[in-house]
Structures are given as structure tokens and as C-alpha cells.
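J.: Dropping a structure here in C-alpha cells format, bear with me for questions.
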Amino acid sequence: MPHFAVVGSGPSGVYTAQGLLSQDRVPGLRVDVLDRLPCPYGLVRYGVAPDHEKIKSLQSTLRAVLEEERVRFLGGVEVGPALPPERLLGLYHGVVYCVGAAAARRLGIPGEDLPGSWSATDFVAWYSAHPDAVDAGFVRDVRAAVVIGVGNVAVDVARMLARGRAELTPTDMPQAALATLTGSGVRDVFVVGRRGPSQARFTTKELRELGTLPDTDVVVDERELALDPGYADPSALPSATRRTIEVLRDWAARPGTGAGRRIHLRFFLRPVEITGRRGRVAGVRLERTRPDGDGGVRGTGGYEEIGAQLVLRSVGYRGMPPDGLPFDPVRGTVPHDAGRVLRGGRPAPGEYVAGWIKRGPTGVIGTNRSCAKETVASLLADAPGLLGRDLDGDPLDGLRAAGLHPVDWAGWRAIERAEAELGRTLGRDTVKIPDWHGLLSAAHGI
Ligand SMILES: Cc1cc2nc3c(=O)[nH]c(=O)nc-3n(C[C@H](O)[C@H](O)[C@H](O)COP(=O)(O)OP(=O)(O)OC[C@H]3O[C@@H](n4cnc5c(N)ncnc54)[C@H](O)[C@@H]3O)c2cc1C
């Protein structure tokens, strides 16, 4: 029986499984979807902001694939020291790595490791109940926060800092994060980018949402926008960027309403140091920049400091594939040719990649579908060569022999029930379980 493994149950893993099932070149093909976490869906569960229910609801589409008869979800299975890629490949006819790229890039400036300076990834993991997350207090005793970066994740974290109890309580956010966020004294959130608004990476839709937050003013300085040549003359900009500029122009013209919270969108500021006082973050020192006429920016030698007790760095993601897979440290991805993993520049038989670990952290969730499609096409083209080998029984026995105790679909369903029950006891809807012990106890009915 043809049997393949997909490592990672985020969008790219699930779309890969779906692609493998919906073809008819390899009849009877079976897929095991492995994940190091006991819960499926990758960043749809542990990255997409809890107040974005519509996008979160994509989980039900992914669920339908994982519930197909020829698919087995095996959570709590990490490809790593106990199960290196070589051993895994011995258990299956082929393996597709869809392990994402969820490690945070660093800024490489002094003060980055001061208490109070965290990657947005750490903050997102905490409010998303990722079991590896650390409760670092984040917003305790914080009045002002700086978010470094102008992508959608930066906008997500700024929004979460500004949201109030009424909006956060209906989400599935873990109870401790809800209590901390809704009890916070954060008044000012500064979102800073080193380039201008026409080069910002957030989408207009995400940006616009900031203007709808209750009791929150969005503050934009027209003089900063005007430094961008695309502000005075947006005609040459792509239409999406033009819309973004219009949203910002509108905010710049609006007087403040005296709301309880302010989100300041700042441009042409390059962070040079995260400053500290008494061993904690005290602010960010930034150099003002100007367009260099070539699409980039150059420093002006003028500086300013924004005082803040919390700094969230949101400057991108990079892959961290398991040891034993080739890795391109510059791109932060696994080298590949149309999804075929390259070892020493040649396709490694039976090994494939899809999703963020293949193409880097770009695009929306749907982008992973076409990415997975390409990989599946490569695998199917190679299938005659891969299927020549008889497997040594059910791969699950091989995983158990490696000392692993997978959480199966029934185990995941038990976690879902436990989260619904937790929500009921707290007077909320479903509330996520944020720790390994709680998840595994629920999964194994302990
Ligand atoms: C904070 C954040 C918010 C986002 N919000 C949106 C949004 O609102 N809308 C949108 O369209 N896109 C959003 N995205 C982008 C979207 O989440 C990604 O496009 C998508 O999740 C990438 O899918 P993936 O399957 O490649 O990786 P992931 O979703 O990261 O899935 C990777 C999976 O692999 C597992 N894994 C990793 N290593 C191993 C291992 N060694 N062994 C076994 N399993 C392993 C992980 O546990 C994880 O489940 C967001 C991204 C982030 C970071």
C-alpha cells in the first residue's frame, strides 16, 4: 500500500495531504500527517490573531481533510533527535516536510535581549496558547509599547495591545493572557517602519481595521508621510498601495478624539538601539531616514527616542528545519527544485518540501495551496520509482519503536472537548489549553 508522511499539519501540510488524496495516479495512497504538537492546523491555530474569527474558521476546511479515511493525524511526533529524517524516510515511501518557518528574525542591535524586548513571535505564541510559549508578563506595568516592523503581524500585535475586554473575551484566548491583556495599562502603541508608507508590507484591510477599534485613536503625522514620493504622487503605485496611502492620508487629517488609547504609525525611523534603565527596556533609539531615490532609505544622522516599557520586534520569520535536512541559512529555507529537496544540489529521492519552509514566510494562507500543488505534482511524477520498495509494516509501529506515543485524531477531539468544557466553566466559549501537561492529559484522558 503506498504510504506517505506529511510532516506539519499547518495549511501547507493539509493542502499537501489533500493534493495526494485527490489524485488518481497512485490508487489507494495513504497519508500520515505528523506534527510535533498534539494539535493540528499550525499557524492557523497558533498565529492567526484570535479576534480574526473568519480566518480562524478555515480550521473547519482543514479539518475535513484530516478526517478523510485515508488520512491519519499523528500529533506529538517531532522529527528531531528521536526521529531523524533518515529514520522517518525508512518508514514511508516518501516524506513531505511542511514544517513552516516560525522562528523570529533578529534586528542585531544593542539591547535586543533586555527584559521587556521580545519578538512578536513570543507575544503571539503566548496569546495563542502555544504550549512552548513563556508567560513573560509582556504588558504588566507597560504604558507605552513600540512595535518594530510594518507588516501584518506588526498590525496584529498592535491591535491586540489595544483591544479591550468586550472584544477579547469571546475569543478562544487562554484565560491568563486574557486577564493580563484586559488588565493592562497600555495607552500608547508606536508602530515604526524604517521606510515609507508605500513600502509598508501590511495590507490595506488589516491597516483599516485599526481605525475601527473602540476607544482608540490612530495617530499619523502628515509630515512623515510626505517624505514618501508616493504620497505626493501615488499614480505610479500599485492600486493596493494607493489604497493604503489614502487610509493614512485620511487618518493624518483627522483630529484626535481624546480616546483612551492611541496607535501611532511612524515611518522613516530605523531602530539603532533598544535602551534600558535598571536592567529593563526604557525605549527605542531611532535614526531618522530619508528615501535614497533608489527605492531604499539612508540615515540622516538625526535621532529620536521613543520611551516604552515593552518592545515587540516584528521583522520577519525564518525556517528552522529539523537536523538532518539541508538548509540554506541565507534564505532560511530548505533548498529544493519544484518541491524536491536538494542534497548537494541533487534531488534526494523521497524527500519533499512545501509551504513556508519551501518558499519562505510570504503570502497568505491560500498561497500554500498552489505551493503544495507543485510539490505534489513532483512527488507523483517520482512515484513509480518511490513505490518499488516494500514497507516494513505499519509506519505507526516504527514511530512507536522510536519511543513516540502519537496523539491520534480521537486524542485531538478529546482536547477540543476539554477546551469547550474549560470555556464553559469560565463562562466563555471555547478557551484554549496553553500547556503541554494540560493538552496531553486531555488527549490521553488522564
Ligand atoms: C502571527 C501570524 C499571523 C498570521 N495571520 C495570517 C492571517 O490572518 N491570514 C493569512 O492568510 N495568513 C496569516 N499568516 C500566514 C499563515 O499563517 C502562513 O501562510 C501559513 O501558516 C504557513 O503554513 P505552513 O504550513 O507552511 O506553516 P505552519 O502553519 O507554521 O505549520 C507548520 C507545522 O509544522 C509543525 N512542525 C514544525 N517543526 C516540526 C517538526 N520538526 N516535526 C513535526 N512537526 C513540526 C508545526 O508544529 C506546525 O504545526 C500569519 C502568520 C503569522 C506568523
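J.: Strands (runs of 3 or more DSSP E) wholly in region 288-353 with at least 3 residues that are buried (at least 21 other Cβ atoms within 10 Å of the Cβ) and touching a strand residue (DSSP E or B) at 6+ places or on another chain (Cβ under 9 Å) - which ones?
T.: Numbers: elements: 297-307, 310-313, 340-343, 346-353.
In region 288-353, the matching strands (runs of 3 or more DSSP E) lie at 310-313, 346-353.
J.: Which count do you get for residues in region 191-246 that are part of a helix (DSSP H, G or I), surrounded by 15 or more Cβ atoms within 10 Å (Cβ to Cβ) and either of a type in the set (Gly, Ala, Ser) or in contact with a Cys (Cβ under 9 Å, 6 or more places away or on another chain) (or both)?
T.: So the count comes out to 2.
J.: Hey, does region 127-139 have a residue that's of a type outside the set (Gly, Ala, Ser), within 14 Å of the ligand (Cβ to nearest atom), touching a strand residue (DSSP E or B) at 6+ places or on another chain (Cβ under 9 Å) and in contact (Cβ under 8 Å) with a residue 40 or more places away in the chain? Outline the logic, then answer.
T.: Going residue by residue through region 127-139, those that are of a type outside the set (Gly, Ala, Ser) are 127, 130-132, 134-135, 138-139.
In the following step, the residues that additionally are within 14 Å of the ligand (Cβ to nearest atom) were identified as 127, 130-132.
Filter once more, so that each one left must be touching a strand residue (DSSP E or B) at 6+ places or on another chain (Cβ under 9 Å): none.
Within region 127-139, none of the residues are of a type outside the set (Gly, Ala, Ser), within 14 Å of the ligand (Cβ to nearest atom), touching a strand residue (DSSP E or B) at 6+ places or on another chain (Cβ under 9 Å) and in contact (Cβ under 8 Å) with a residue 40 or more places away in the chain.
J.: Ok, one more. Considering only residues that are of a type in the set (A, V, I, L, M, F, W, C) and either closer than 19 Å to ILE415 by Cβ or at pLDDT below 95 (or both), look in region 127-145 and name the one that is surrounded by the fewest Cβ atoms within 10 Å (Cβ to Cβ). Reasoning before the result, please.
T.: Step one: list which residues in region 127-145 are of a type in the set (A, V, I, L, M, F, W, C), which gives 129, 133-134, 136, 138-139, 142, 144-145.
Then keep just the ones that are either closer than 19 Å to ILE415 by Cβ or at pLDDT below 95 (or both); that gives 129, 133-134, 136.
Values: ALA129: 25, ALA133: 20, VAL134: 11, ALA136: 14.
In this case the residue turns out to be VAL134.
J.: Specify which of the listed residues (LEU62, LEU88, LEU83) is out of contact with any Lys or Arg (no Cβ under 8 Å at 6 or more places or on another chain), under 30 Å from LEU181 (Cα atoms) and of a type in the set (A, V, I, L, M, F, W, C).
T.: Details: LEU88 fails: under 30 Å from LEU181 (Cα atoms); LEU83 fails: under 30 Å from LEU181 (Cα atoms).
Step by step, each of LEU62, LEU88, LEU83 is checked, and only LEU62 is out of contact with any Lys or Arg (no Cβ under 8 Å at 6 or more places or on another chain), under 30 Å from LEU181 (Cα atoms) and of a type in the set (A, V, I, L, M, F, W, C).
J.: Among the listed residues ALA176, ALA145, identify the single one that is touching a residue at least 40 places away in the same chain (Cβ under 8 Å), of a type in the set (Gly, Ala, Ser) and touching a strand residue (DSSP E or B) at 6+ places or on another chain (Cβ under 9 Å).
T.: Numbers: ALA176 fails: touching a strand residue (DSSP E or B) at 6+ places or on another chain (Cβ under 9 Å).
Only one candidate passes the filter, namely ALA145.
J.: In addition: Go through region 253-269 and count every residue that is closer than 13 Å to ILE306 by Cα and of a type in the set (Lys, Arg).
T.: Count: 1.
J.: Hey, among GLY319, GLY301, GLY332, GLY350, which residue is on the phi > 0 side of the Ramachandran plot and either free of Cβ contacts under 8 Å to residues at least 12 places away in the same chain or within 13 Å of the ligand (Cβ to nearest atom) (or both)?
T.: On the way: GLY319 fails: on the phi > 0 side of the Ramachandran plot; GLY301 fails: either free of Cβ contacts under 8 Å to residues at least 12 places away in the same chain or within 13 Å of the ligand (Cβ to nearest atom) (or both); GLY350 fails: either free of Cβ contacts under 8 Å to residues at least 12 places away in the same chain or within 13 Å of the ligand (Cβ to nearest atom) (or both).
When all the criteria are applied, what remains is GLY332.
J.: Moving on to the next point. Can you name the helices (runs of 4 or more DSSP H) wholly within region 2-92 that have at least 1 residues being away from the ligand (no atom under 11 Å from the Cβ) and surrounded by 21 or more Cβ atoms within 10 Å (Cβ to Cβ)?
T.: 11-21, 59-66, 85-91
Residue by residue, here is whether (1) part of a strand (DSSP E or B); (2) more than 9 Å from the ligand (Cβ to nearest atom); (3) free of Cβ contacts under 8 Å to residues at least 24 places away in the same chain; (4) hydrophobic (A, V, I, L, M, F, W, C) holds:
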| site | (1), (2), (3), (4) |
| --- | --- |
| ILE357 | no, no, no, yes |
| ASN368 | no, no, no, no |
| PRO384 | no, yes, yes, no |
| GLY393 | no, yes, yes, no |
| GLY403 | no, yes, no, no |
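J.: Please name all residue pairs, on different chains or six or more residues apart, with Cβ atoms under 9 Å, provided the first residue is in region 49-68 and is within 26 Å of GLU209 (Cα to Cα) and the second residue is basic (Lys, Arg) and within 13 Å of the ligand (Cβ to nearest atom).
T.: From region 49-68, the pairs are ALA49/LYS56; ALA49/ARG159; PRO50/LYS56; ASP51/ARG159; LYS56/ARG45; GLN59/ARG45.
The values are calculated or read from the model by the stated rules, or taken from the named source; none is laboratory data. The structure displayed is predicted, hence computed values, not measured ones. Reconstructed Cβ throughout: ideal geometry from the backbone, glycine too, with neighbour counts over all protein chains shown.
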